[in-house]
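**Student:** Submitted below is the structure of interest, expressed as C-alpha cells.
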Amino acid sequence: MEARIPKVYTYTDYLGFPKDARVELIDGLIYDMSPAPSRVHQEIITELITMFNVYIKKNNKPCKVYAAPFDVVLVEEGQDESKATNVVQPDVSIICDKKKLTERGCVGAPEMIIEVVSEYNPSHDYVRKLNLYNQFKVNEYWIINPYEQNILVYTYKDNIGYSSPKVYTFNDKVRVGIFEDLIIDFAQIKEVL
C-alpha cells in the first residue's frame, strides 16, 4: 500500500480559499479557526487594541496595530510570498516596519504578536504558534489565557530565540518590550470582563 503524502498548501492556495473560510496555514497544513471566539476573548482584544492605539498615537510611533482577521504571511529568507507555507491571523499584530504592510495584510514578522487562548484548541497558541513565531523571530509574543487569567511573555533574543517566558496574572502590570515606556495594566482589563 502506497503512503499518501499530504498536500503542502501555499499562500497562493490560501488566496483561492472561499472568502468566508477562517483558516491558517502552518508549515503548509490547514488549521480551521472556528468556532467564533468567545465574548471574553473579544473584550480582551478590544481593550488591548485601544491601549496600543492610544499609546502609538500619543507618542507618534511609526507602528500600526491590527486585530484578526488580518493575514500575516511569514516568509523564509529570499522566498517569494506566493510560495510561503505559513499564513496566520494573530489576535493582535503590531507592525512597525510599514514596508511589510500590503493591501491584504503583512508580509514578514510583526514586531509583536498577541494570541488570546481559545478553549477549543489551546495547544495551537502554546505549541504550534510559539514554535512558528520563534522560527520567524517575532520580537515579542504574548499568550493570554482568560481561563487561567495569566499572561506568558516571550522575548526573542538573537542566537537563542525564545527562552522561558515571564509569567503574569490579570492582577499585574506588564511592560511591553518593544516600547520603552508602555505598561499594560491587566487589572483594568479584568474589570471589563
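**Student:** Only one of V8, V54 is within 19 Å of V88 (Cβ to Cβ) and among the β-branched types (V, I, T); which? Outline the logic, then answer.
**Tutor:** Working: V54 fails: within 19 Å of V88 (Cβ to Cβ).
Going through V8, V54 in turn, just one is within 19 Å of V88 (Cβ to Cβ) and among the β-branched types (V, I, T): V8.
**Student:** Let me ask you something else. Condition check: part of a strand (DSSP E or B), of a type in the set (V, I, T) and either open to solvent by less than 30 Å² (accessible area, probe 1.4 Å) or more than 22 Å from G28 (Cα to Cα) (or both). Does V138 satisfy that? Spell out how you get there, then give the answer.
**Tutor:** Values: part of a strand (DSSP E or B): no; of a type in the set (V, I, T): yes; either open to solvent by less than 30 Å² (accessible area, probe 1.4 Å) or more than 22 Å from G28 (Cα to Cα) (or both): yes.
So V138 does not fit the description; no.
**Student:** Going through region 69-85 one residue at a time, which ones are in contact (Cβ under 8 Å) with a residue 24 or more places away in the chain, open to solvent by less than 70 Å² (accessible area, probe 1.4 Å) and assigned to a loop (DSSP other than H, G, I, E, B)?
**Tutor:** Within region 69-85, F70, V75, A84, T85 qualify.
**Student:** Additional query: When you check I49 against the structure, is it surrounded by 21 or more Cβ atoms within 10 Å (Cβ to Cβ), over 30 Å from K7 (Cα atoms) and under 16 Å from the mean Cα position of the chain (by Cα), yes or no?
**Tutor:** Details: surrounded by 21 or more Cβ atoms within 10 Å (Cβ to Cβ): no; over 30 Å from K7 (Cα atoms): yes; under 16 Å from the mean Cα position of the chain (by Cα): yes.
For I49, the condition - surrounded by 21 or more Cβ atoms within 10 Å (Cβ to Cβ), over 30 Å from K7 (Cα atoms) and under 16 Å from the mean Cα position of the chain (by Cα) - is not met.
**Student:** For region 146-167, how many residues are touching a Leu at 6+ places or on another chain (Cβ under 8 Å) and of a type outside the set (K, R)?
**Tutor:** Here the count works out to 5.
**Student:** Ok, one more. What residue, of I49, I45, I30, is assigned to a helix (DSSP H, G or I), out of contact with any Cys (no Cβ under 8 Å at 6 or more places or on another chain) and closer than 21 Å to S123 by Cα? Talk me through it step by step, then tell me what you get.
**Tutor:** Working: I49 fails: closer than 21 Å to S123 by Cα; I30 fails: assigned to a helix (DSSP H, G or I).
Within the list I49, I45, I30, the selection yields I45.
**Student:** In region 165-189, what residues are part of a loop (DSSP other than H, G, I, E, B), modelled with pLDDT of 95 or more and open to solvent by 100 Å² or more (accessible area, probe 1.4 Å)?
**Tutor:** Answer for region 165-189, where residues must be part of a loop (DSSP other than H, G, I, E, B), modelled with pLDDT of 95 or more and open to solvent by 100 Å² or more (accessible area, probe 1.4 Å): just N171.
**Student:** For region 141-164, give me the residue count where each residue is in a strand (DSSP E or B), out of contact with any helix residue (DSSP H, G or I) (no Cβ under 9 Å at 6 or more places or on another chain) and over 22 Å from R39 (Cβ atoms).
**Tutor:** Residues in region 141-164 being in a strand (DSSP E or B), out of contact with any helix residue (DSSP H, G or I) (no Cβ under 9 Å at 6 or more places or on another chain) and over 22 Å from R39 (Cβ atoms): 3 in total.
The values are calculated or read from the model by the stated rules, or taken from the named source; none is laboratory data. Bear in mind that the values here come from a model prediction, so they are computed numbers and not experimental data. Please note: Cβ atoms are built from the backbone with ideal geometry, for glycine as well, and neighbour counts cover all protein chains shown. The accessibility values were calculated without ligands, DNA or RNA, using every heavy atom of the protein model including side chains. Shrake-Rupley method; radii C 1.70, N 1.55, O 1.52, S 1.80 Å.
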